[in-house]
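The values are calculated or read from the model by the stated rules, or taken from the named source; none is laboratory data. This is a predicted model, so every value here is computed, not measured. With ideal geometry, Cβ positions are generated from the backbone for all residues, glycine too; neighbour counts draw on all protein chains shown. Accessible surface is based on the protein model in full, side chains and every heavy atom, while ligands, DNA and RNA are left aside. Shrake-Rupley method; radii C 1.70, N 1.55, O 1.52, S 1.80 Å.
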Amino acid sequence: MANDAWAGWQREVAGVVVRSKPLFAERAAEPPEELREALTAALGVPGLRADPDVRVEDTFRRDGLEGADLSWTCGYGPRARAWLLRPDGAGEPLPGVLALFEHGGVKMLGREKLSDGAGLAGPVALAASAHREACSDGRAWAEELARRGVAVLVHDAFGFGSRRLPAAEASARTVRAALAQGSLAREEAAEASGDPAASSPAVDPEALHAGFEGEAAKAAGVLGTSWAGLLAAEDLLALDVLGSLPWVDGARLAAAGMSGGGARAGVLRVLAPQLRATAIVAMMSTLPELMAGHADAHSWTWLSPGLGTVGDWPSVVASWTSNPLLVQYGLADHLFPRSGMERAHEQIRRRFEHFRDASNYTGAFYPSGHVFTAAMQNEAFGWLVTRLGP
């Protein structure tokens, strides 16, 4: 009943808002430049420094890959760390793909979600393995993609990995909430195991960062930006870095991501028309259906203030119909309503058809949940390589 009441409030608020401004409008015919300007303004995407001071920190070879450990500055916070991955022995510059990792409730990891780099060990390796088992059939999928003959860049971004927020500076309220969550988890574990010692209080680092996400969202909003806006700015910078590297053909660039990484890929294809192709996995629904019972499952890194005033998510993401788009939907995805996914597919299809680019959109439905399965990866990677050319 409480959920029904809250859904009713949301509908009533939406009704009030829509009387003063468009909300969740299908953007079937608007020029893509107009959508880019509107999304940039709504998310408050800042312009980052023109010279990111890219450094090659190290190089490595492993399992048929050659890689470079890179870093650069975004103009605030610690240097961003990244790995560039290529097939071992590749001579000429290769097409480049920006691989965008998902949120997954794990901020200790960034690039490690999608690659081992030169090799992982200890708690990071364990956390990365558990994360991949939950999200990508256990695969480090940036590496699988690189083996297909492309250069893949996977970088840490605002709030994750080397760019995660300084947890020691979280507010007392955030720390108390994380402590309570950790204590509850330990009590449940103690009850299940019969070991009272397991119930001692402790702060769960990821719970602390989850609370800190809300703190950062407030601060970003006051500054006129947002989590999604900062991520978009850093992803645009990473795309520029990718295109500038000597191992990469900067005229053939693409982006791919699952879940929160799919949201980042969707925003990026609106803001970066130079992308030759984009693959979005498990991150597509119309917004009205999503808001009716599924919004709480999503984070500040996607659901930003003002997003719905730009237009409905599917048609906004479909902005540049001259650039191929692949969307993979999981019909058993608990984070998205099936009706929202099906309507999103039709909305995207209508926009591509309006601009006579119907062949540039591929929507694929799978009987899967919120995952990027090996079969989905294989199809997405084949699609990307074909669009980028030999």
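Full extension from residue 49 to residue 88: what is 0.36 nm times the residue separation minus their Cα-Cα distance, to one decimal in nm?
Going from the current span to full extension adds 10.8 nm.
Rounded to a whole number, what % of the accessible area of the chain do carbon and sulfur atoms account for, probe 1.4 Å?
56
Run the quick spin-label model on residue 4 and residue 29: label points 7 Å from Cα toward the beta carbon, then report their separation in nm to one decimal.
Roughly 4.1 nm, to one decimal.
Amide H of residue 249 versus every other amide H placed in the peptide plane: which residues, excluding those fewer than 5 positions away on the same chain, fall under 5 Å?
Residues meeting the amide H criterion: 94, 96.
Leaving ligands and nucleic acids out of the surface, order 296, 312 by accessible area at 1.4 Å, largest first.
Order by accessible area, largest first: 296, 312.
Please report the relative contact order for the chain, taking Cα pairs under 8 Å with a sequence separation of at least 6, and give it as a percent rounded to a whole number.
It rounds to 21 percent for the chain.
Over segment 103-162, what is the mean sequence separation of C-alpha contacts under 8 Å (at least six apart), divided by residue count, expressed as relative contact order in percent?
It rounds to 48 percent for segment 103-162.
Kindly state, to the nearest 0.05, the FRET efficiency for residue 37 paired with residue 130, given R0 = 41 Å and r defined as their beta-carbon distance.
For residue 37 and residue 130, the calculated efficiency is 0.50.
Compute the length gained on full extension between residue 20 and residue 322: take 0.36 nm times their separation in residues and subtract their Cα-Cα distance, giving the result in nm to one decimal.
Gain in length upon complete extension: 105.4 nm.
Could you tell me the relative contact order of segment 1-141? Use alpha-carbon pairs under 8 Å, at least six residues apart, and round to a whole percent.
Relative contact order for segment 1-141 comes out at 13 percent.
I need the peptides 81-87, 243-249 ranked by packing, meaning the mean over residues of other C-beta atoms within 10 angstrom, with the highest value on top.
My ranking of the peptides, most packed first, is 81-87, 243-249.
With the other protein chains left in place, how much accessible area per residue, in square angstrom, belongs to the chain at a 1.4 angstrom probe?
42
Are there any trypsin sites (Lys or Arg not before Pro) in segment 1-60 that are in a DSSP loop and have at most 11 other Cβ atoms within 10 Å? List them by number.
Those satisfying the criteria are 19.
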